[in-house]
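Structure record follows, encoded as structure tokens.
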Amino acid sequence: MSAKASLIFPPNPTTTRGSSTKLSSHKDKVVYTTGKVVVVRDLKNPGLTFAYSGHLHNATVARFSPSGFYCASGDASGTVRVWDVVGEDKALKGEYRVLAGRINDLAWDGESKRIIAVGDGRDKFGHAFMMDTGSSSGEIIGHSKAVNAVSIRPQRPFKAITASDDAQINFHAGVPFKYERTIKTHTKFVQDVKFSPSGDHFLSVGSDAKIFIYEGKTGDTVAEFTDSPHTGTIFAGNWSPDGKSIVTSSGDRTVKLWDVETRKVVSSWALGTAIEAQQVGNTWNDDINIVSLSMSGALNQFDPRVGDKPVHVYTAPQMPITSLLSTKSDTFLAGTADGRVYSYSTSKQESTPVGGPGHSSYVVDLAASPSSSSGTTTAYSVGFDDHVREIDSVGESYVQAAVKTTAQPKSISISSNDTIFVAQPELIEVFRSNQKLYSLAPKAFKPTAIAARPSGNGNENESVSLVAVGAEDNKVYLFEWDGKELKPKESGGVFDNNKGPISVLAFSPDGKVLAAGDFLDDVFHSGTKGKIMPYSIEEKKPITPTWVFHTARINTLSWTSNSQFLASGSLDTNVYIWSLAKPSKKVVIKEANPGGVNGVQWVNGGEGGKLVSAGADGCARVWDVVFPEA
């Protein structure tokens, strides 16, 4: 067996209300940050998209070098990493601690040799340095509050401008960079500044909803744009590649395109009325397209030649993916830490949010039930809001009805007749058709995971469903559901070969094997480990004790439809693929999802050899798996 990366579905940019989010672009690629990840997203060819995970702290800004060969990215600790964009290994050129605090923006000079980083440091708000050595190339001074943006004149003589919460723009001559003058055109926070491609002018935008143009070499004010002004904070401004137009994105939920010569609005796009529609960042993606960022994380792509709305809207999670579920032949669902669920299409290579009344917080688990009458799949989710919610069979929207659980859910599973089993810290509850049917509060153990045995292979007419419950006492308890109550299985009803609390359970599709994942945190002896024990239901014993190579909690398990291969994902960031026929054979995908793997699912039951993993980095990654020949 073998596995290799095939496709990545990246998360969307992290946004903060009241703050600008910086975007950068080079040709068809847009770069931005989310969590600890830097995403380089190709809008024309999604297959060229990748995620860079070199930062130890949350990444805050990333900028392409003018040459397009390098990217500089800064984080919340004040560290800047310069790395190769073109090479396959994304080699690190240099890592520099330049500020004692968050970096808000970065700027390259036109020669791709020097970088200025600005932000909110304890001792200074900006630092200029050489990209290859980190040595100083001047000083950035004159501000009394955090600096929000920086830009360097692309041509010699180099000039640098910085924008700050102190409502000032500071003009620096270079190189080496040194303070030259202060510009006080704005009356509130200055959110963004940018030199034109020719270097003849630069612009500034701010919380006072004003736009100014200045002379590029002297910093003298040229004009203010007053035609059809924005009515809210302008978070971002950018020049067109030919320098004849600028685009602005505002908290008034509009994006405006301006003609520089006439200082008139050429186009204006309204994105809605909700807070999530506020526009907090933008970039000019290529010679034509504009990309503006919504507070919701949506990337709105505009073609000034076409219509009064975006030509494309890119949506994806902004938070870690917490659960995963394969639904149709090329579709899977992902639940997130902020309560949202997204639908992904591997054929269209895009993701869309599931609409309707969803969860208000963390999505704990997802499960599906096949309907024998229609052949469709209905999905269900449980979250920290203590509700079980149903997603329609199309996977586009939640239905209105929902049912409340007694306590916070830990796991969900569904039998073939749409009976829903939910494990909670002190009890197990059973639901159907948005009604509670039964609850059980075990006295001997505390539930941690649950799985209902699927029908099939002679099990379709079973009047009793087999339900497995994992517990904190390292055991798996088997129950029988007769439609009215859960009764402990009389013969072989307990599996006790796991060495740690059970974290996840998964029956094979043929119902013959139950895989139980656990975690053992023994810091004094063996350290943290994760073990998977596959139990034979018929023989009532483990099939193999050798699936022990994870080094942290097992978070997720997924079987292929032929019940021969099991994929596992762990907090250790790795994915393993195990063979039931040859238990000693395995494939490991190292660092499949930095920060931890929270979900693995086989697309279309693994028939095409495609496996999806998702986790703390917010990325959903598709892997091509080659199975051994029979």
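For segment 104-120, just list the computed ³J(HN,Hα) in residue order, Karplus coefficients 6.51, -1.76 and 1.60, θ = phi - 60°, integers in Hz, with x standing in for Gly and Pro.
Once θ is set to phi - 60°, the couplings for segment 104-120 become 9, 7, 9, 9, 9, 7, x, 9, 6, 10, 10, 9, 10, 10, 10, x, 10 Hz.
With unit charges on the beta carbon (Lys/Arg positive, Asp/Glu negative), name the residue among Thr262, Val354, Leu324 whose Cα is farthest towards the positive pole of the charge dipole of the chain.
Thr262
Just how large is the dipole of segment 2-314 about the Cα centre, in debye to the nearest 20, putting +1 at every Lys and Arg Cβ and -1 at every Asp and Glu Cβ?
360 debye
When percent of Cα pairs over 45 Å apart is calculated directly from the model, which label among (1) 34; (2) 15; (3) 28 fits?
Computed from these coordinates, percent of Cα pairs over 45 Å apart corresponds to label (3).
What residues qualify as long-range amide H neighbours of Ser164, i.e. H under 5 Å apart, gap of 5 or more or another chain, H built at 1.01 Å from N?
Here the answer is Asn148, Val190, since their amide H atoms fall under 5 Å of that of Ser164.
Straight-line reach from Lys244: which aspartates and glutamates fall under 18 Å, measuring Cα to Cα and dropping same-chain residues less than 8 apart?
Asp200, Glu215, Glu224, Asp227, Asp259, Glu261, Asp286, Asp287, Asp303
Once R0 is set to 35 Å, what does the formula 1/(1 + (r/R0)^6) return for the Cβ-Cβ distance between Val494 and Tyr438, expressed as a FRET efficiency to the nearest 0.05?
0.95
Using mean Cβ contacts within 10 Å as the protection proxy, how do 170-182, 535-547 order, highest first?
Packing order, densest peptide first, comes out as 170-182, 535-547.
If you find the alpha carbon centre of segment 32-67 and of segment 280-359, how far apart are they in angstrom?
One Cα centre to the other: 16 Å.
Listed here are the pairs Lys27/Lys194; Lys404/Lys489; Lys113/Lys145; which of them are more than 25 Å apart at the Cα?
Numbers: Lys27/Lys194 18 Å; Lys404/Lys489 28 Å; Lys113/Lys145 27 Å.
Lys404/Lys489; Lys113/Lys145, as the Cα separations exceed 25 Å there.
Taking the Cα-to-Cβ direction at Asp42 and at Asp286 and moving 7 Å from each Cα, how far apart do the two end points lie in nm?
Each label point is offset 7 Å from its Cα along the Cβ direction, giving 1.2 nm.
Can you tell me the order of 245-251, 602-608, 618-624 when each peptide is scored by its average per-residue count of other Cβ atoms within 10 angstrom, highest first? Show your work: numbers first, answer last.
On the way: 245-251: 25.9, 602-608: 18.1, 618-624: 22.9.
By packing density, highest mean first, the sequence is 245-251, 618-624, 602-608.
At a Förster distance of 51 Å, what's the computed FRET efficiency of Lys145 paired with Ser347, Cβ-Cβ distance as r, to 0.05?
On the way: r = 49 Å, r/R0 = 0.97.
So, using R0 = 51 Å, E works out to roughly 0.55.
Which entries in the list Lys44/Lys188; Lys256/Lys610; Lys4/Lys328; Lys443/Lys484; Lys410/Lys499; Lys44/Lys93 go over 31 Å, if you measure between the two C-alpha atoms of each?
Lys44/Lys188; Lys256/Lys610
Distance in nm between label sites at Thr218 and Thr262, each 7 Å beyond Cα in the beta-carbon direction?
Taking the simple label geometry, Thr218 and Thr262 are separated by 2.8 nm.
Can you work out the Karplus-derived ³J(HN,Hα) for every residue in segment 287-295? Use 6.51 cos²θ - 1.76 cosθ + 1.60 with θ = phi - 60°, whole Hz, and x for glycine or proline.
Coupling constants for segment 287-295: 5, 10, 7, 10, 10, 10, 9, 8, 4 Hz.
Applying the Karplus parametrisation 6.51 cos²θ - 1.76 cosθ + 1.60 with θ = phi - 60° to the phi angles of segment 178-194, what ³J(HN,Hα) value in whole Hz is obtained for each residue in order, glycine and proline being reported as x?
Residue by residue, segment 178-194 yields 8, 4, 10, 7, 10, 10, 10, 8, 8, 10, 9, 3, 8, 8, 7, 9, 7 Hz.
Measure out, as a whole number of angstrom, how far apart the alpha-carbon centroids of segment 120-145 and segment 517-594 sit.
First find each Cα centre; the distance between them is then 48 Å.
When Rg is the radius of gyration of the Cα atoms in segment 2-314 and Rh is its Kirkwood radius, what does Rg/Rh come to?
0.94
By per-residue mean of other Cβ atoms within 10 Å, what is the highest-first order of 210-222, 6-18, 71-83?
71-83, 6-18, 210-222
So, in nm, how far is label Ser6 from label Lys113 when the simple model puts each one 7 Å beyond its Cα toward the Cβ?
4.7 nm
Every number in this text was worked out from the coordinates using simple rules, so none of it is lab data. Just so it is clear, the model here is predicted, and its values are computed rather than measured. Ideal geometry is used to build each Cβ from the backbone, glycine not excepted, and the neighbour counts take in all protein chains shown.
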